[in-house]
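Every read-out reported here was derived from the displayed coordinates using simple, explicitly stated rules and does not represent laboratory data. Values in this document were obtained by computation on a predicted structure and should not be read as measured data. Positions of Cβ are backbone-derived with ideal geometry, glycine not excepted, and every protein chain shown enters the neighbour counts.
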Amino acid sequence: SAHRIAEQSSLCTPRPLGVASAQLAGEAISRCIETCGNLLELCAFKMIQPRSLAPGARQGSSSRLTPVLLLASLCMCAFYLFTTPNESRAALETTRSTTAATRNEDESKLSRLRRTMQMHLDRLSRTTGFSMQLSFKTAEGEFSVAAGMHADGSPVSTSDTFLFGSGTKPITALAVMQLVDAGVLREDDVAAPLIDKGIAKLGSNTTLVSLFGPAAAQITVGQLLRMQSGLNDFDFPEFDGELLRRGRASSPLEFVYAAAASDAPFVCAPGSCACYSSTNYVLAGVLLLGLPGSPDDWEELDQSEAVSAYLPRKQPSSKSADLAGKQASATAGARNAEQRTHIEFLNTGPLSDKLTVPGFHVETNPRNARAAGTAALIGGPVTGIPVKLVAQLTFPDFVTRIYDQDASVLGWTCGNGVGTTREMAHFFWELLREKTLLSEETLNSMRQYRLLDKGWSAGGLAYGAGLMVQQMSWSKFMLDVWGGRRACVR
């Protein structure tokens, strides 16, 4: 969400929150009504939906689902009504009274927004059992809020570090796009030659084509960054579980080998579909390793080179600059800056060295994975028990504390970022609003989105080069997906 906030904050001025907390209460009720209405609309849609819209569904599956959805909608209404903060309920009773005199006239919109976001984050943390942190940045100022508790009972703070996971992908994409800016690469360059050089540095004599077949020779640099290579994902429960039991990966090639060994190494021909696959971003790292001037050891590849110069606001390198000169210039700029990014990119070593919020992975039988998620997301709000606890009680097969793992399990350039949300918000602000990290032309190319049409989140997420636009209306997304229609992504 950090990049979405950064991209929109200069376009959308925070709306005044009205008089005291009465309006907050009114908005809470409005959200309840809207949520219930959306769910009831979904029930009605499922009642009248022709079975021809759901090919392959068993007879009667739609009608059996309707009572469940109706019950869920009523429970959701009750949940929102009865968990509305006490101060909001009290304020609702005095909605018609004038309380303007009690508001501090000099209170800024930013501080009111911060207080409101803290309230919502506290409530969400109580509901889910998860620790959370959120940062907001605009031209007028910035703030961070945090909620939740550490295992020892101490509160999570705005200085705690979290795993960014796939939030690392935009920075990996930026590293490649900066080389496009510098004339070192083009998006339509075939990726295999550089990837093969990177594979050799990783100590293997295999090639991309020998792993994935002849179609791999057609994959371009841009298709890797845009999830359009057609390569399957390595991220299957069987692979994840075995990796976490070992607690470390031998090298980035382990993730590539897992994708190549899947039943279908390609889900489509390169360029013919958009399918989310983290394999693309491991290979983007291998490509960076294969470039002239890159280190010989993958553990020494420093992704922070892509972002280290944004505080001095360096201009993109000229077309004549080579990779080595560009990296040296960026590093020198970072040394001279009064401040620099604190995003860490961890390749190997204990995660506990940099990570302060441990994180947990709950492994289930792959057949039960979706059921576990459904039980947690529905069972938590309905029962009042935190979502995390519901998941652990329902499917306690195997729980791993990520904090105790080696950083190599993160998938290298597809997911090894660690830091605070403040630093990530700064990064996206510089990339998308200040536009100091890329030329206008290259940034516009990075923001050319295509709706995912296969695999995970198909129809609900559009992907550019490391950036994505996601459908944020749950009811809209579910109506479209369950109704057999393609979700509209704005």
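At-a-glance table
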read-out: Cut-off 14 Å between beta-carbons: net charge of the residues surrounding L194, Lys and Arg +1, Asp and Glu -1; value: -1
read-out: For peptides 140-151, 170-181, sequence by mean Cβ density within 10 Å, most packed first; value: 170-181, 140-151
read-out: Local net charge near F234, Cβ-Cβ under 10 Å (Lys/Arg +1, Asp/Glu -1); value: -4
read-out: Long pairs among K354/K435; K354/K454; K109/K354; K109/K435, criterion Cα-Cα beyond 31 Å; value: K354/K454; K109/K354
read-out: Packing rank of 451-463, 214-226, where each peptide gets the mean count of other beta carbons within 10 Å, highest leading; value: 214-226, 451-463
read-out: Size-normalised alpha-carbon gyration radius of the stretch 253-292, reference 2.2 N^0.38 Å; value: 1.26
read-out: Packing-based ranking, highest mean first, of 191-198, 413-420 given that Cβ atoms within 10 Å are counted; value: 413-420, 191-198
read-out: The stretch 137-283: equivalent-ellipsoid semi-axes (sqrt of 5 x gyration tensor eigenvalues, Cα, Å); value: 32, 22, 14
